[in-house]
Amino acid sequence: MKFEVENLDSCWDEVRLLAQKHFDSLGLRYIPSRARYKEYEEAGNLFIVTVRENGLFGFAMMYVFTSMHDQAIGAQEDLFYLLPEYRKG
């Protein structure tokens, strides 16, 4: 199993497919804007961590930002997903 921070261009198609699978299972629409994700990444505010073992089976996308209140660095998850067969309890 390998965890890695990847850039959007290297993993977008795979991440989008897993995310679509998740939203479909919930009966929800999923219409992400690749351009907006890319814009955040280029500004240094989006990080994607992937987990692979014979292909992608999970990921986490995080926004990093500076607080408007006290200038502290913070982070917020955008989306994370792990295929059900890799979940443990």
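In table form, for the structure just shown:
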item	result
Selection from region 20-59 of residues that are under 23 Å from P84 (Cα atoms), of a type in the set (G, A, S) and either at pLDDT 95 or above or not in a helix (DSSP H, G or I) (or both)	G27, G55, G58
Selection within region 1-12 - over 11 Å from the mean Cα position of the chain (by Cα) and either farther than 12 Å from G55 by Cβ or hydroxyl-bearing (S, T, Y) (or both)	F3, E4, D9, S10
Check on K38, among the basic types (K, R) and surrounded by 15 or more Cβ atoms within 10 Å (Cβ to Cβ)	yes
Tally of residues being open to solvent by 40 Å² or more (accessible area, probe 1.4 Å) and of a type in the set (S, T, Y) across region 41-75	2
Region 46-68: number of residues that are farther than 17 Å from C11 by Cα and of a type outside the set (F, W, Y)	4
Residues within region 6-19 that are open to solvent by 40 Å² or more (accessible area, probe 1.4 Å) and either assigned to a helix (DSSP H, G or I) or under 19 Å from Y86 (Cβ atoms) (or both), tallied	6
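The values are calculated or read from the model by the stated rules, or taken from the named source; none is laboratory data. Fair warning: this is a prediction, and the values are worked out from it, not measured in the lab. When we count neighbours, we look across all protein chains shown, and the Cβ atoms used for this are built from the backbone with ideal geometry, even at glycine. Side chains included, ligands, DNA and RNA excluded: accessible areas come from the protein's heavy atoms. Shrake-Rupley method; radii C 1.70, N 1.55, O 1.52, S 1.80 Å.
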